[in-house]
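The values are calculated or read from the model by the stated rules, or taken from the named source; none is laboratory data. Predicted model only: the values in this text are computed from it and were never measured. We work out accessible area using only protein heavy atoms, side chains counted, and drop any ligands, DNA or RNA first. Shrake-Rupley method; radii C 1.70, N 1.55, O 1.52, S 1.80 Å.
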Amino acid sequence: MFRENSLGVAPSEPYASYDVLRRPDGSIDLEAYNQRARRARAEAFTASFWGALSAIGGMLAGKRAPAAKHRVA
């Protein structure tokens, strides 16, 4: 797998486009995109989990939730 640079595409690869992950044979590497999405989903889930746990912990500790910030235009 390699990533083409944004400076230009080699003349021997006219089908290659910019900023696309490709395999050495020139086909788009879908598995690399699947791995990126899987990693991003895991990170989002972890962040949501810890955020919810923190909010619940704060409520149990008696801390007040911050009020909404209203601004008058």
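Structural remarks
- Residues LYS69, LYS63, ordered by accessible area of protein heavy atoms at a 1.4 angstrom probe radius and largest first, appear as LYS69, LYS63.
- Both radii were evaluated on the Cα set of region 24-64; the Rg over Rh quotient, with Rh as the Kirkwood radius, amounts to 1.43.
- If you sort ARG71, ARG22 by accessible surface, 1.4 Å probe, largest first, the order is ARG71, ARG22.
- Solvent-accessible surface ranking, highest first, for LEU60, LEU21, LEU30 at 1.4 angstrom: LEU60, LEU30, LEU21
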